[in-house]
Every structure is written in C-alpha cells, then in structure tokens.
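Values quoted throughout were computed directly from the atomic coordinates according to the rules given, and no laboratory measurement underlies them. A quick note: this is a predicted structure, and the numbers were derived from the prediction, not measured. Cβ placement follows ideal geometry from the backbone for every residue including glycine, while neighbour counts extend to all protein chains displayed.
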Amino acid sequence: MWLGLDLVEEADASTLRRLFTIWTDDAAALMSGRGPLADTEPEMAAVTAGLTITFGVGPGVFDLTGITADRPGWLRPLPAFPSIDQLEERWRGTDLVVQICADSPLTVAHAQWVLLKDARSLARIVWCQKGFREAVGTEVPGRSMRNLFGQVDGTVNPAAGQDDPVVWMCASAPDWLRGGTSMVLRRIAMNLSTWEQADSVSRELALGRTQATGAPLTGQVEHDVPDLQATDAIGLPVIDTFSHVRRSMPHEHGGVDRFLRRPYTYDEGPSAHALSDAGLLFVAFQADLERQFLPVQRRLAEADRLNAWTTPVGSAVYAIPRGVREGEVLAEGLWR
Ligand code: HEM
C-alpha cells in the first residue's frame, strides 16, 4: 500500500525534521514488533508479517520548505507522454510517499494508522493506493507473479548483489541520498473487457512471451533468453518488433537502461458503470532515473502493442533515502 501525503502549507525544514524523527521511531518499532510510543493498540504490532516501510520525498518538499540540500535534477514529475497518458489529478505526485508492505493486511492497516495519526499535524493524506502480489503460500515455485492479464510478470529484473549499482545511488548522488534510490510509481489501468476479446496469438504477439509459462516466444521456459534474431516461416521476427518485451528490453539499446520492477496489482472492484477498475501499480527503482528509466518509458510510449489495452492514469516520482542505523533519523541530510 502507498500513502501519498502533502506537507502542511506552512511547512519548513523543522516540520520535515519533526516528521521524519517521528516516522523513524515509528517504523523502527513497528518493524521490530513493538508498538511505537503513541500506539494505543501495541498488541497489534507483535505480528510483523515481514513488515517493511519505505519513505520517499517528492519534488514539492523542495518547493515548499526552502531547504537548501542538493535537489537532484530528476526529482520532478515525469515528462508527459501524450500518446498514452490519461493522468487523473487524484493520482498526482505528492510531497511525500510511504510504502507499507507485509504479508498480513492487518499488519499493514495498523502501521498505516499509526504513521498517519502521528503525522496529522505535519502532513495531510492526498491518496491511498492499495496493491497486492500473489499471497504467501500460493506462489508457484520458480515462477514470477501473474498480473490480471494472466501474464507472468517480473521475469527479467536485476539480481541483488552484482546488480546493486543499477538500483542504489553511489558517490555522485547528493549527500542525503547516497545509498538511496529513486522510485517511479505509475498507476496503469488494464482494460480487462477488451483484453478478453483478444485471441491468444494477439496476446502473445503483443508481449513477446507465452501466456502459459511466460517463456519467450523463441524459448521453452520462463527464464530462457529471448532470441531476437529468430524469424518465422515467412521471415518475420518471432518476437515482434513492437512487442512489449522487445521495446522495453535494454540489451537492444546499449544496456544501461535497466531498473528494478516491483509491480503490484490493484483492483478497486466492480461498480454500476464497469465490471472492473483494475490494473498495475507499476513501480520502478533505479539509481539514475534519466538514463535508466526514461529511455524505456519513451520507447514504450512511442510504440508498444500492449498500449492497446493499458492506460497510465497516475504518475509520481520520489527520492528514497537509504535506511538508517541505530541513532540516525531518516533523510536527515535533507534539513541539515
Ligand atoms: C500495465 C502495464 C504493464 C504490463 C501489464 C507489463 C507486463 C510485462 C510483462 C508480462 C513482462 C514480461 C515478463 C517480465 O520480464 O517481467 C514485462 C517485461 C518488462 N516490462 Fe512491462 N508491463 C507494463 C508496463 C511497463 C512499463 C510502464 C515499463 C517501463 C517504463 C515496463 C518495462 C518492462 C521491462 C523493462 C521489461 C523486461 C524486458 C526484458 O528485458 O525482457 N513495463 N512487462
């Protein structure tokens, strides 16, 4: 779940300091199974269910508070992609974001309540976006999650360890962000009604992988490497030129444009107007948003067969400060 918040109008550097000091204590306590100081239901903190809490700083923090910390050039809304975007104001970027993840919805709800009530005189909630992945215990071992189009989603991703520089910022980042990352959150509606009408050949052509296993159309199993040179009986590429994976894969375009994708499905349920309001909370983490994420997003906006069924309705960019050690406050270089 993601909480988008704006700072109160009169916010300054001390507002930020107070907010992050409270949130650092709250998150440390909750993630270690203790109720934070002002938790009136501390018993609920006992089940951590793998709780993680991630905080992000949006562009508005610099515009509003007059802080003098280095502002990274990329910390601004993504450029418009008029060929695909139908952005709704209600899913706009906010001053702050909090991502709360756990294996139990109850743990998430409790953490959300504690963090929001402790912040209420300093920041106000703008939106809440809820997403889910396959429930613990229901995953198919060795296979990535499926999205609501039935596609196996999450196959190609950087590996922890050797690919760390893909995600984590190093020496060239502003002090307060060193060891942190950047997050793009795009809310992308998926049209289940028109996808339902697409036959399996069109679906697999659009993606470049099979529905059944997620294997590339030139391979047998999910993690086979796609063969981009392979052609069919009449000489056309087996993995179509405008398929989603071919347009998004980095190694065709020099290899620097890789990032970590961590998508969640959202499903707001049916209404009197539509049988579904569902899609992907597409989340990308990368050290260098402009060199890694943007070229891929530009290519996909320009041409991607999957665009026929998907529509970005929300977009936000955040700087994610690194986690803290004992005695530190999150993002503390921001206001010093
Ligand atoms: C609702 C929207 C989207 C859907 C349903 C979707 C679905 C998929 C699926 C099923 C795959 C193949 C399996 C995998 O490697 O995970 C894939 C790959 C990928 N997608 Fe998406 N995607 C969406 C949006 C995006 C966006 C917005 C971006 C980036 C701007 C993106 C970037 C990528 C990348 C980089 C790959 C891996 C390509 C490779 O190296 O093989 N996707 N996507």
Highest-fluctuation residue, PRO165, PRO237, PRO216 considered, GNM on the chain with Cα pairs under 10 Å: PRO237
Order the peptides 134-140, 194-200 from the highest to the lowest mean number of other Cβ atoms within 10 Å of their residues. 194-200, 134-140
For the chain, modelled as a GNM with alpha-carbon contacts under 10 angstrom, which of VAL221, VAL152, VAL166 fluctuates the most? VAL221
For the stretch 20-111, listing trypsin sites (Lys or Arg not before Pro) in a DSSP loop whose Cβ sees at most 15 other Cβ atoms within 10 Å gives ARG34
Table column - 3J(HN,Hα) (Hz), the stretch 81-93, Karplus curve with 6.51, -1.76, 1.60, x for Gly and Pro: 10, x, 6, 10, 5, 9, 5, 9, 4, 5, 10, 5, x
With DSSP loop assignment and no more than 13 other C-beta atoms within 10 Å, the GluC sites (Glu not before Pro) in the stretch 299-333 are GLU326, GLU328
Per-residue ³J(HN,Hα) for the stretch 291-298, Karplus 6.51 cos²θ - 1.76 cosθ + 1.60, θ = phi - 60°, Hz, x for Gly and Pro: 8, 9, 7, 4, x, 5, 4, 5
Let me check the size of the stretch 76-176 from its C-alpha atoms; what are the radius of gyration and Dmax in Å? 17.9, 46
Along the charge dipole of the chain, pointing to its positive end and built from +1/-1 on Cβ of Lys, Arg, Asp and Glu, which listed residue (ALA27, GLN197, PRO295) has its Cα farthest out? PRO295
Rounded tilt (10° steps) of 105-118 against the dominant C-alpha axis of the chain: 40
About the Cα centre, and with charges only on the beta carbon of Lys, Arg (+1) and Asp, Glu (-1), how big is the dipole of the chain? Nearest 20 debye, please. 260
For q values of 0.12 Å⁻¹, compute log₁₀ I(q)/I(0) with the Debye formula on a Cα-only model of the stretch 1-63, without solvent. -0.37
Candidates THR68, THR265, THR48, ranked by Gaussian network fluctuation over the chain, Cα under 10 Å, top entry: THR68
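In square nanometres and to one decimal, what's the mean projected area of the convex hull around the Cα atoms of the stretch 188-280?
On the way: hull surface 30.2 nm².
One quarter of the hull surface, i.e. the mean projection, equals 7.6 nm².
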The chain: angle of helix 13-31 to the longest principal axis, Cα-based, in degrees nearest 10: 70
Can you give the local net charge around ARG133? Use residues other than it whose beta-carbon is closer than 15 angstrom to its beta-carbon, Lys and Arg +1, Asp and Glu -1. 0
For GLU89 and VAL140, FRET efficiency with R0 = 56 Å and r from the beta-carbon atoms, rounded to 0.05? 0.90
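Mind checking the stretch 1-101 for GluC sites (Glu not before Pro) that DSSP puts in a loop (not H, G, I, E or B) and that have at most 10 other Cβ atoms within 10 Å? Could you put the intermediate results ahead of the total?
On the way: sites: GLU9, GLU10, GLU43, GLU88, GLU89; in loops: GLU9, GLU10, GLU88.
Counting only loop positions with at most 10 other Cβ atoms within 10 Å, the GluC sites (Glu not before Pro) in the stretch 1-101 are GLU9, GLU10.
Once every DSSP H run of n ≥ 4 in the chain is given -39500 (n - 2.57) and the sum is divided by its residues, what mean residue ellipticity at 222 nm do you get, rounded to the nearest 500 deg cm²/dmol?
On the way: 8 runs with 71 residues, N = 336.
Computed mean residue ellipticity for the chain: -6000 deg cm²/dmol.
Multiplying the sequence separation of SER271 and GLU302 by 0.36 nm and subtracting their Cα-Cα distance, what value in nm do you get? Mind showing how you got there, number by number?
Working: separation 31, 0.36 × 31 = 11.16 nm, distance 3.23 nm.
Contour length minus the Cα-Cα distance gives 7.9 nm.
Over every pair of different alpha-carbon atoms in the chain, take the mean of 1/r and invert it; report that Kirkwood radius in Å.
Working: mean 1/r = 0.0469 Å⁻¹.
One over the average 1/r among Cα pairs gives 21.3 Å for the chain.
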